[in-house]
Every structure is written in structure tokens, then in C-alpha cells.
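Report on one structure; see the data block that follows.
The values are calculated or read from the model by the stated rules, or taken from the named source; none is laboratory data. Just so you know, these numbers come straight off a predicted model, no measurement behind them. Note that we place each Cβ from the backbone using ideal geometry, even for glycine, and neighbour counts take in every protein chain shown. The protein model used for the area step is the full one, side chains on, heavy atoms only, and it has no ligands, DNA or RNA in it. Shrake-Rupley method; radii C 1.70, N 1.55, O 1.52, S 1.80 Å.
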Amino acid sequence: MGIVVGVTGFSPVQNDATETQNADLQRAESIGIPVALGLLVFALGTVVSAVVPVGTALVGLAIAAGVMFLLSSLVPLDSLTVAMATMIGIGVGIDYAMFVVSRFREELARRAVVQRDQHEQIADAVGAALATAGKTVVVSGVIVMISLCALAVMDAPIFRGIALGVATAVTAMLAVSLTALPATLAWLGPWVGRGALPPRFQPAEVAGRGAATSDRWGRWARMVMARPAIFGAAASVVLIVAALPLLGIRYGLDMGTAALSDTPSGRAAATLAQSFPSGVLAPIEV
């Protein structure tokens, strides 16, 4: 019978886990970003206005990655930090930019801007978008970073690293959304509406259909506002039921060996876990 040899331990497992996480992260981005782009096209009604939020998020992610690279020479950052920062950063970056772009298109329609040489009206539209949606973006970003303080106060390097990485990503997204995005919108002007879908897929304010109080969303909004106590209680019940599994949650630290079944270190770690006492993979400092 042959003998299979596999090198495992804290360092081999961490090295393989980092490679696996990076590969999975790239695969997730290659799937998630096109899907997000397609959804944005239907949500905003045009191709260009959908590309702008995705591009804004990617620029912010590049800046965040560069800052985290510099921070890694000062503070130890776990490989999970990059994955968390990328996931949350892309999400908030697309959301923040979408708010501003949507508001910008409404302001263009309100001012009847159809030519790129209408510089004064375009500048006013950008200013109005930042004064409304931009303010919402800033408040949202600050709230996210405040919530991360719960991780920063924990005396565990991995959680503090995640808090630092995500805060870096959110800060980068805020900076890009308040600087590069307005400049891009000012340069595009009415071109932000290029590649438009049919009028029925356009937002009501942009397509000139008024406030859209007679469509299904308008009827739903009026029904909810007419019975706030009933809908609020129903939503609370649903949220409480969804949160009930938290009562039986079991906490622990997972090295991620389950995702390393195709690597020698993962197979060796699984063998050790089955045949030897726990803790054999723990690092020993000399």
C-alpha cells in the first residue's frame, strides 16, 4: 500500500487559503460585476448611466487596494481582510454612485438639458445632485464606518484588520463618489442617457411621466403610508422570525480548511483533525 505525504500546519494552510481566496474572489468579481451591470441598466434605464457606477466602484477599489498595500507594511492584515473590503467596497461604491447618477439625470430632465454645451445648467444639475444624494452618501458612509468601531474595539488582530480594511474601502468609495464621479457627470452631461432602453423602462422623472403616482409602485407606496402600523408590525414579525436562528449560533474561528480539500495541506489537515487531538495545527512561538 502506498504512502501519501502532505505538508500541513498553520503556515501551509494559510498560504493555500490565501491563494484559494484570491482565486475565488476573482471568480466572484467576474460573475458579480456583469450581473450588477445588467441590473443597473434596467434600474437606471440606460447603458452609460449603468456603466458609471460600476466604473466608480472599480476606481475606488483600486485606490483602496493601494492604500491597504501601504498599510500592510505597518499593520498585519489577514487575507480575509482583502476579501471583505472588496465585497463591501464594491457594494457601497455602486450604491453611492447610483444615487448620485439617478439624481443627476432627474436634474437634467428638470432643466431640459439636451446638449453638452449647456455648461451652466449641467453644473447646476451636478450641484443639486451632490446637495441631495451626495449628502445621503456622506451620511451613509459615516454610519458604516461608525458601525465598524464595534470590530475595532475587539482585542483580536483579525477583526481589527477587517475593520481597517473595510473602512479604507468605504473611505475610498466616498472620496471617488464626491470627486471623480461629479467630474465625470459634468463631462458627460446629457450623454449619461445614451444607450437608453425603451421609454417604459425609464424612470418616471426622466421619461416625463411626472411622479408616477398611478403605477403599481405609486399604489403600493400609498397603501403602505395609509396603514403604517399594520405594515410596520408585519415587517417586524418577519425580521424577528428571520433572526431567531441567532439564538442557537455557535461561535468559533475557522481556518477555512474545508475549502482546501484539493490541496495537500488541506487533505493533511483533515487527516490530522480526524485522527489526532484538536490543536495540533496551532502555531507554536519560540
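In this structure, residue 73 qualifies as among the polar types (S, T, N, Q), farther than 30 Å from residue 272 by Cβ, in a loop (DSSP other than H, G, I, E, B) and open to solvent by 30 Å² or more (accessible area, probe 1.4 Å).
From 171, 136, which residue is open to solvent by 40 Å² or more (accessible area, probe 1.4 Å), closer than 30 Å to residue 77 by Cα and among the hydroxyl-bearing types (Ser, Thr, Tyr)?
Details: 136 fails: closer than 30 Å to residue 77 by Cα.
Answer to the selection: 171.
For the residues 67, 35, the requirement of being in contact (Cβ under 8 Å) with a residue 40 or more places away in the chain and of a type outside the set (S, T, N, Q) singles out 67.
All conditions in (1) under 22 Å from residue 41 (Cβ atoms); (2) surrounded by 20 or more Cβ atoms within 10 Å (Cβ to Cβ) hold for residue 196, with the sole exception of (2).
Being touching a Lys or Arg at 6+ places or on another chain (Cβ under 9 Å) and touching a residue at least 40 places away in the same chain (Cβ under 8 Å) is the filter; apply it to the stretch 79-124 and report the residue that is surrounded by the most Cβ atoms within 10 Å (Cβ to Cβ). So, considering only residues that are touching a Lys or Arg at 6+ places or on another chain (Cβ under 9 Å) and touching a residue at least 40 places away in the same chain (Cβ under 8 Å), the one surrounded by the most Cβ atoms within 10 Å (Cβ to Cβ) is 122.
Answer yes if at least one residue in the stretch 142-157 is buried (at least 16 other Cβ atoms within 10 Å of the Cβ), out of contact with any helix residue (DSSP H, G or I) (no Cβ under 6 Å at 6 or more places or on another chain) and not in a loop (DSSP other than H, G, I, E, B), and no otherwise.
No.
In the stretch 250-286, of all residues being modelled with pLDDT under 75, surrounded by 10 or more Cβ atoms within 10 Å (Cβ to Cβ) and not small (Gly, Ala, Ser), the one that is farthest from residue 8 (Cα to Cα) corresponds to 255.
Which residues, counting only those in the stretch 126-162, are within 30 Å of residue 190 (Cβ to Cβ), among the hydroxyl-bearing types (Ser, Thr, Tyr) and within 19 Å of the chain's Cα centre (by Cα)?
First, pick out the residues of the stretch 126-162 that are within 30 Å of residue 190 (Cβ to Cβ): 126-141.
Pick out the ones that are also among the hydroxyl-bearing types (Ser, Thr, Tyr) and you get 132, 136, 140.
Answer for the stretch 126-162, where residues must be within 30 Å of residue 190 (Cβ to Cβ), among the hydroxyl-bearing types (Ser, Thr, Tyr) and within 19 Å of the chain's Cα centre (by Cα): 136, 140.
Kindly evaluate residue 51 against the criterion of being β-branched (Val, Ile, Thr) and either outside any helix (DSSP H, G or I) or open to solvent by less than 60 Å² (accessible area, probe 1.4 Å) (or both). It is false that residue 51 is β-branched (Val, Ile, Thr) and either outside any helix (DSSP H, G or I) or open to solvent by less than 60 Å² (accessible area, probe 1.4 Å) (or both).
Considering the stretch 15-48 alone, what residues qualify as being assigned to a helix (DSSP H, G or I) and among the polar types (S, T, N, Q)? Spell out how you get there, then give the answer.
Step one: filter the stretch 15-48 for residues assigned to a helix (DSSP H, G or I), giving 15-44, 47-48.
Passing the criteria: 15, 18, 20, 21, 22, 26, 30.
Report, by residue number, each residue of the stretch 201-219 that is out of contact with any Asp or Glu (no Cβ under 7 Å at 6 or more places or on another chain) and either open to solvent by less than 60 Å² (accessible area, probe 1.4 Å) or at pLDDT 75 or above (or both).
Taking the stretch 201-219 as the starting set, the residues that turn out to be out of contact with any Asp or Glu (no Cβ under 7 Å at 6 or more places or on another chain) are 201-204, 207-219.
Passing the criteria: 202, 203, 204, 207, 210, 212, 215, 216, 217, 218, 219.
Taken over the stretch 123-138, the criterion of being among the small types (Gly, Ala, Ser) and in contact with a Ser or Thr (Cβ under 8 Å, 6 or more places away or on another chain) is satisfied by 133, 134.
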